[in-house]
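*Asks:* Quick one: this structure, given as structure tokens, is what I'll be asking you about.
Here, each number is a calculation from the coordinates, and none is a lab measurement. A quick note: this is a predicted structure, and the numbers were derived from the prediction, not measured. Reconstructed Cβ throughout: ideal geometry from the backbone, glycine too, with neighbour counts over all protein chains shown.
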Amino acid sequence: EADIYQTPRYLVIGTGKKITLECSQTMGHDKMYWYQQDPGMELHLIHYSYGVNSTEKGDLSSESTVSRIRTEHFPLTLESARPSHTSQYLCASSVEGGGTDTQYFGPGTRLTVL
Amino acid sequence: KNQVEQSPQSLIILEGKNCTLQCNYTVSPFSNLRWYKQDTGRGPVSLTIMTFSENTKSNGRYTATLDADTKQSSLHITASQLSDSASYICVVSDRGSTLGRLYFGRGTQLTVWP
């Protein structure tokens, strides 16, 4: 069982609200990732970080932002939630990054924007 | 275009039966291929990883095969159990380095009935 945690697990919120999805890992991994996954669809990388103070946008354009102030913490923020943001958000971490090693995933946050 | 295609999209089998899931990819160059299991409402968990030179890899009742020439992989599940009900995701990496990208399939949704 991977030591990577996400909160909240479920969130229902109204349009226009600011939200922050939390992700923490206790494995000391430098590399962390955020994915977006819709039902029956593949995971899409929206943000990644290769270490403290390092953040990059992923393959899928996203209106969210991330920060990496501490190794173990990689929160994702939506300044103004919209119904199009409704999705499952998965956080992951790995030792080496890229294609070299296995990513460990958190349980996900299911976000619904009304 | 680098893609990962999985079939079937969904599968229902009876407990105790065997099944085989397919993964075809066009990713090039090729570094490695992973199979993940994703339980409903959870993050994916790695089952196997195979590099170019590996033809088969087992993890308990799960056996993955790889044909790098035809760019095909399969995941065989033996003596299925109710707990095998999940989505099985094929993930291909194009480089064995931190520059490598991961390409995700949409998964095969397996349901095991008693």
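*Asks:* Count, please, the residues in the range B:65-96 that happen to be of a type in the set (Ser, Thr, Tyr) and without any contact (Cβ under 8 Å) to a residue 60 or more places away in the chain. Outline the logic, then answer.
*Replies:* Going residue by residue through the range B:65-96, those that are of a type in the set (Ser, Thr, Tyr) are B:65, B:70, B:73-74, B:78, B:80, B:83, B:85, B:87-88, B:93.
With the extra rule that they be without any contact (Cβ under 8 Å) to a residue 60 or more places away in the chain, the set shrinks to B:65, B:70, B:73-74, B:83, B:85, B:87.
Summing the residues that are of a type in the set (Ser, Thr, Tyr) and without any contact (Cβ under 8 Å) to a residue 60 or more places away in the chain in the range B:65-96 gives 7.
*Asks:* If you scan the range A:57-114, which residues turn out to be under 25 Å from B:ASN32 (Cβ atoms) and either among the β-branched types (Val, Ile, Thr) or in contact with a Pro (Cβ under 6 Å, 6 or more places away or on another chain) (or both)?
*Replies:* If the condition is that a residue be under 25 Å from B:ASN32 (Cβ atoms) and either among the β-branched types (Val, Ile, Thr) or in contact with a Pro (Cβ under 6 Å, 6 or more places away or on another chain) (or both), then A:VAL95, A:THR100, A:THR102, A:PHE105 are the ones that fit.
*Asks:* Starting from residues that are among the basic types (Lys, Arg) and surrounded by 16 or more Cβ atoms within 10 Å (Cβ to Cβ), keep the ones in the range B:1-41 and report whichever is nearest to the other protein chains (Cβ to nearest Cβ).
*Replies:* Here is the first cut: in the range B:1-41, the residues among the basic types (Lys, Arg) are B:1, B:17, B:34, B:37.
Now narrow it down to the ones that are surrounded by 16 or more Cβ atoms within 10 Å (Cβ to Cβ): B:34, B:37.
Working: B:ARG34: 7, B:LYS37: 11 Å.
Of everything passing the filter in the range B:1-41, B:ARG34 is nearest to the other protein chains (Cβ to nearest Cβ).
*Asks:* Among the listed residues A:GLU79, A:GLU72, identify the single one that is away from chain B (no Cβ under 14 Å), exposed (fewer than 15 other Cβ atoms within 10 Å of the Cβ) and more than 11 Å from the chain's Cα centre (by Cα).
*Replies:* On the way: A:GLU72 fails: exposed (fewer than 15 other Cβ atoms within 10 Å of the Cβ).
Unique residue meeting the criteria: A:GLU79.
*Asks:* If I ask for residues that are over 11 Å from B:LEU75 (Cα atoms) and not in a loop (DSSP other than H, G, I, E, B), which ones from the range B:19-36 would you list?
*Replies:* B:ASN24, B:TYR25, B:ASN32, B:LEU33
*Asks:* Which ones in the range A:27-49 are within 12 Å of another protein chain (Cβ to nearest Cβ) and farther than 25 Å from B:CYS90 by Cβ?
*Replies:* The answer is A:ASP30, and nothing else.
*Asks:* Would you please name the residue that is surrounded by the fewest Cβ atoms within 10 Å (Cβ to Cβ), looking only at residues in the range A:11-39 that are part of a strand (DSSP E or B) and either out of contact with any Leu (no Cβ under 8 Å at 6 or more places or on another chain) or of a type in the set (Lys, Arg) (or both)?
*Replies:* Residues of the range A:11-39 part of a strand (DSSP E or B): A:11-13, A:19-25, A:31-37.
Retained after the next criterion (residues that are either out of contact with any Leu (no Cβ under 8 Å at 6 or more places or on another chain) or of a type in the set (Lys, Arg) (or both)): A:22, A:24-25, A:31-32.
Values: A:GLU22: 15, A:SER24: 18, A:GLN25: 22, A:LYS31: 21, A:MET32: 29.
Step by step, filter the range A:11-39, then rank; the result is A:GLU22.
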